[in-house]
Amino acid sequence: MVAFTKGHGTGNDFVIIADPDGSLDLNAEQVAALCDRHFGVGGDGVLRVVRSAAIADGAAALAEEPAAEWFMDYRNADGSIAEMCGNGIRVFAHYLVRSGLATIEPGSTLPIGTRAGVRDVTRSETGYQVDLGLWKLSGDDPLVTAGGLAVTRPGLGIDLGNPHVVVALASDAELASLELHRTPDLEPALPAGANIEFVWFPESPWCETA
């Protein structure tokens, strides 16, 4: 039996498992079963709370920042290993504070190890903020097809330690028409998948103005 906690951050929910000494060996099938919303606990992923010194991937984090005692071992809902999750790391930090494993005073910062490198989480009076680090263009610019959009749109691949594809929309009406209960399609598909963001810039020259 494995004890767990459920956490929620800005629309994402997670199964949190404390394993400070790295004694658990969670495989992909177990993670997928935990995240199953019908027969399991249900969640967008699993956050394993483990010390950086107790996991092989934590060595790079400690080399980058020796104060990064804790490592966020994040798994996607299908059991695959993920590099990082912005909402997940804020939930992770809150769990550390609530469970007494770490202290973050308002205005102070806690370094947390991830497979995308060390990320600094700052606590404020209203919650937690994370510095995602410098982004870069990935060179992967697939076409994106989504429910509610009349035509396929070009996507811009961005690397934030994990893959993202950003799609610019022409109006707020297009944004409202998106059917996000269906997963958008990428062509070509990216080997590791991607987080897809749809954005609309009211001041952009291609947007309609009154």
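The values are calculated or read from the model by the stated rules, or taken from the named source; none is laboratory data. Being a predicted model, the structure only gives us computed values, none of them experimental. All Cβ positions, glycine included, derive from the backbone under ideal geometry; neighbour counts span all protein chains shown.
Quick notes on this one:
- Residue check for D57: among the charged types (D, E, K, R), crowded, with 18+ Cβ neighbours inside 10 Å and either outside the structural domain of A192 (by TED's automatic domain parsing) or farther than 21 Å from N12 by Cβ (or both): no
- Residues of segment 170-180 that turn out to be part of a loop (DSSP other than H, G, I, E, B) and either surrounded by 13 or more Cβ atoms within 10 Å (Cβ to Cβ) or free of Cβ contacts under 8 Å to residues at least 24 places away in the same chain (or both), as a count: 3
Here is a yes/no grid of residues against (1) in contact with a Leu (Cβ under 8 Å, 6 or more places away or on another chain); (2) under 22 Å from N76 (Cα atoms):
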{"position": "S138", "(1), (2)": "no, yes"}
{"position": "V144", "(1), (2)": "yes, yes"}
{"position": "V151", "(1), (2)": "no, no"}
{"position": "V167", "(1), (2)": "yes, no"}
{"position": "P188", "(1), (2)": "no, yes"}
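For (1) over 22 Å from N195 (Cα atoms); (2) at pLDDT below 95; (3) more than 20 Å from the chain's Cα centre (by Cα), each residue gets a yes or a no:
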position: V2; (1), (2), (3): yes, yes, yes
position: D13; (1), (2), (3): no, no, no
position: A18; (1), (2), (3): yes, no, no
position: R37; (1), (2), (3): no, no, no
position: V46; (1), (2), (3): no, no, no
position: A68; (1), (2), (3): yes, no, no
position: F71; (1), (2), (3): no, no, no
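- Residue within segment 102-114 that is within 16 Å of the chain's Cα centre (by Cα), under 30 Å from D57 (Cβ atoms), assigned by TED's automatic domain parsing to the domain that holds I89 and not aliphatic (A, V, I, L, M) present: yes
- When segment 1-36 is filtered for residues that are hydrophobic (A, V, I, L, M, F, W, C), free of Cβ contacts under 8 Å to residues at least 60 places away in the same chain and in contact with a helix residue (DSSP H, G or I) (Cβ under 7 Å, 6 or more places away or on another chain), only V15 remains.
- Annotation for segment 1-14: at least one member residue is among the aromatic types (F, W, Y) and either under 23 Å from D131 (Cβ atoms) or touching a Ser or Thr at 6+ places or on another chain (Cβ under 9 Å) (or both).
- Condition broken by T109, with the remaining ones in (1) over 30 Å from A18 (Cα atoms); (2) without any contact (Cβ under 8 Å) to a residue 24 or more places away in the chain satisfied: (1)
- Screening V91 with (1) out of contact with any Phe, Trp or Tyr (no Cβ under 6 Å at 6 or more places or on another chain); (2) of a type outside the set (K, R); (3) closer than 30 Å to A18 by Cβ gives one miss only, at (1).
- The set of residues in segment 123-155 that are free of Cβ contacts under 8 Å to residues at least 40 places away in the same chain, crowded, with 17+ Cβ neighbours inside 10 Å and touching a strand residue (DSSP E or B) at 6+ places or on another chain (Cβ under 7 Å) comprises Y128, R153.
- Applying the criterion of being in a loop (DSSP other than H, G, I, E, B) and exposed (fewer than 13 other Cβ atoms within 10 Å of the Cβ) to the residues of segment 21-35, the residue that is nearest to the chain's Cα centre (by Cα) is N27.
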